[in-house]
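Let me begin by presenting the structure, written as structure tokens, before commenting on it.
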Number of protein chains: 2
Amino acid sequence: MCKIKIIVLRYGHRPSRDKRVSTHLALVARAFGAHEAWFDTKDESLERRIAQVNEAFGGSFAVKTGVDLMSAIKEAKKEGFCVVHLTMYGIPLPQLIEEIRGKSKLLVLVGGPKVPRYFYEVADYNVSITNQPHSEVAALAVFLDWLYEGDEFNFKFEGGRIEIEPCVRGKKIRVLR
Amino acid sequence: MCKIKIIVLRYGHRPSRDKRVSTHLALVARAFGAHEAWFDTKDESLERRIAQVNEAFGGSFAVKTGVDLMSAIKEAKKEGFCVVHLTMYGIPLPQLIEEIRGKSKLLVLVGGPKVPRYFYEVADYNVSITNQPHSEVAALAVFLDWLYEGDEFNFKFEGGRIEIEPCVRGKKIRVLR
């Protein structure tokens with residue numbers, strides 16, 4: 001499906017307050033071609049929700065929660081991951097995307113207003129999806145859409161139970177098994 | 001800033017449960033070049049949050065809450081708005097984007113799993129941003145990014161108090177007044 005290995009790493013997940021935003025973030029990571037999403041706080045209910053989506057719609061996207069982010073980042077750097085931090089303070093995506101497309105492994109840090117200073121320092125690229133405040137969910141989607149040049153519309157997720165059949169009006173769901 | 005007049009219309013906003021997702025949605029609409037976002041349920045706190053962003057970062061993006069969506073859609077259709085409904089069940093964006101770019105006024109309906117059947121019927125285009133489940137916030141961002149062909153990175157928001165200066169590492173905020 002995609003040549004680049006991509007792990008999304010979400011800082012500051014609070015299971016009670018962030019339930020919907022974190023679910024959206026994980027689902028965006030999955031739909032737009034990341035392979036894994038890691039969250040700092042343990043959250044079995046988030047893991048279950050994503051497992052249910054895989055079971056229904058296919059693919060092997062993985063969610064890990066309760067991850068020690070600092071160690072994970074260090075480990076990934078050792079393994080040759082390029083670290084991209086999405087932040088409204090960074091350099092606009094159009095100036096960096098060509099360089100980033102040349103990498104084979106990406107660790108994409110997604111935070112929010114309160115990310116530690118360390119994220120800015122450890123990142124190989126601090127990338128802004130416009131310099132306006134908006135949403136980490138949107139930033140991740142636009143980043144991955146640009147990275148894959150729209151190829152997410154062609155992705156296949158194998159092994160699911162159902163599949164949406166695009167239609168002009170209404171809903172068509174194909175049952176596969 | 002943009003030739004097409006765009007209003008985003010959000011169905012099913014619940015102020016307590018959806019606070020963050022609806023704020024993200026409004027901020028994405030603003031940052032990616034929509035002119036207004038309308039929500040069905042009255043929510044003064046959401047209106048205030050967006051007004052604060054305008055005050056700080058500029059522009060004249062407008063939020064209306066407590067809007068009767070059905071009447072608003074009918075009125076907009078009379079005024080010549082083309083109605084685009086973002087839904088995972090629709091026709092993939094790449095097949096429709098050229099046609100949609102030719103319109104002068106767009107009403108973009110954003111719902112969720114429980115939108116009324118009426119949305120599918122009233123829409124001139126039911127558009128999917130992939131046929132995988134993910135996030136209405138991401139769907140709106142990718143839709144507007146494609147519509148403007150990435151021009152959101154060049155948008156200027158006039159009259160703000162501060163402005164982000166893109167930088168390689170850390171945060172630079174320029175105070176304008």
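Each value in this text was obtained by applying a stated rule to the coordinates, not by laboratory testing. Predicted, not measured: the structure shown is a model, and the values here were computed from it. Neighbour counts are summed over all protein chains in view; Cβ atoms, including those assigned to glycine, are modelled from backbone coordinates with ideal geometry.
Annotation note: trypsin sites (Lys or Arg not before Pro) in segment A:24-122 located in DSSP loop regions with a Cβ neighbour count of at most 14 within 10 Å are A:Lys42, A:Lys114. For the protein assembly as shown, the share of DSSP beta bridges that are antiparallel, to the nearest 5, is 10%. Residues whose amide H comes within less than 5 Å of that of A:Ile6, counting only those at least five positions distant or on another chain, are A:His35, A:Glu36, A:Leu106 (H built at 1.01 Å from N in the peptide plane). Neighbour counts of other Cβ atoms within 10 Å put B:Phe32, B:Phe157 in the fewest-to-most order B:Phe157, B:Phe32. Within the shell defined by Cβ-Cβ distances under 9 Å, the residues around B:Asn131 carry a net charge of -2, with Lys and Arg each +1 and Asp and Glu each -1.
For A:Arg117, the distances from its label point to the matching points in the remaining copies are 6.0 nm, ordered from shortest, with each point set 7 Å beyond Cα toward Cβ.
Remark: the protein assembly as shown carries a charge dipole of roughly 760 debye about the Cα centre, counting +1 on each Lys and Arg Cβ and -1 on each Asp and Glu Cβ.
Over all pairs of different C-alpha atoms, the protein assembly as shown has a mean inverse distance whose reciprocal, the Kirkwood radius, equals 20.6 Å. Of the beta bridges in chain B, as assigned by DSSP with both residues counted there, near 10 percent are antiparallel. Measuring between alpha carbons in the structure, the pairs from A:Lys78/A:Lys156; B:Lys3/B:Lys172; A:Lys3/B:Lys5; B:Lys42/B:Lys103; A:Lys103/B:Lys171; A:Lys156/B:Lys103 lying more than 27 angstrom apart are A:Lys78/A:Lys156; B:Lys3/B:Lys172; A:Lys3/B:Lys5; B:Lys42/B:Lys103; A:Lys156/B:Lys103. With contributions of -39500 (n - 2.57) from each DSSP H run of at least four residues, the per-residue ellipticity at 222 nm computed over chain A stands at -11500 deg cm²/dmol.
Near A:Lys64, once Lys and Arg are set to +1 and Asp and Glu to -1 for all other residues with Cβ below 9 Å from its Cβ, the sum equals -2.
Where does the charge balance sit around A:Glu121 when Lys and Arg score +1, Asp and Glu -1, over other residues with C-beta under 14 Å from its C-beta? After counting each charged neighbour, the total is +4. The amide H of B:Gly160, built 1.01 Å from its N in the peptide plane, has B:Gly58, B:Gly59 as neighbours under 5 Å, considering only residues 5 or more places off or on other chains. With the convex hull of the Cα atoms taken as the outline of segment B:5-175, the averaged projected area works out to 10.6 nm².
Remark: the A:Arg14-A:Ile97 segment gains 26.8 nm on full extension, using 0.36 nm per residue and subtracting the alpha carbon distance. Coordinate range of the alpha-carbon atoms in segment A:1-100 per principal axis, descending: 37, 29, 27 Å.
By how many degrees, 0 to 90 and rounded to 10, does the Cα axis of helix B:136-147 deviate from the longest principal axis of chain B? That helix lies at roughly 80 degrees to the long axis.
Shown for B:Glu158: label points 7 Å from Cα along the beta-carbon vector, and their distances to the equivalent points in the other copies, 5.6 nm in ascending order. Charging the Cβ of each Asp and Glu at -1 and of each Lys and Arg at +1, and nothing else, the dipole of segment B:5-175 about its Cα centre rounds to 520 debye.
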